[in-house]
Amino acid sequence: MTIIEDDFTSGAQVSMQMDKDAGELFVFHCPAGQGCKVNKWPLDSYHMPIAMAHYEECCELERAV
């Protein structure tokens with residue numbers, strides 16, 4: 001299930017998704033014309049802010065392009 005997703009004019013995409021059944025949280029960073037880089041954390045209140053910070057870092061990288 002997608003939690004949040006940002007699309008950039010460069011064609012890049014950053015999204016945060018979760019798999020409730022597996023208890024996992026994912027951040028997908030897909031720069032334009034490249035494969036996706038995926039980071040994974042346990043789905044819990046401790047790791048959620050860490051994943052959100054990583055999501056924002058990925059978005060900032062794309063905004064700087």
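Any read-out appearing in this document is the output of simple, stated calculations on the displayed coordinates, not a laboratory observation. Here the structure is a predicted model, which is why all the values come from computation and not from measurement. Note that each Cβ is placed from the backbone with ideal geometry, even for glycine, and that neighbours are counted across all protein chains shown.
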Problem - Sequence of C30, C58, C36 once ranked by neighbouring C-beta atoms within 10 Å, starting from the fewest - result: C36, C30, C58
Practice task
Can you tell me the order of 12-25, 39-52 when each peptide is scored by its average per-residue count of other Cβ atoms within 10 angstrom, highest first?
Solution key: 12-25, 39-52
Handout entry: Electrostatic dipole magnitude of the chain [Cβ: Lys, Arg +1; Asp, Glu -1; Cα centre; debye, to 20]
Key = 140
Exercise for the section: May I ask for the angle, rounded to the nearest 10°, between helix 48-63 and the longest principal axis of the chain, with both axes built from Cα atoms and the value confined to 0 to 90°? Expected result: 0
Exercise for the section: Could you work out the local net charge near A12, counting Lys and Arg as +1, Asp and Glu as -1, over the other residues with Cβ closer than 14 Å to its Cβ? Expected result: -4
Problem - Among (1) 4.1; (2) 4.4; (3) 5.0, the entry derived from the coordinates for mean projected area of the Cα convex hull in nm² - result: (1)
Handout entry: the chain: Cys lacking any partner C-beta under 4.7 angstrom
Key = C58, C59
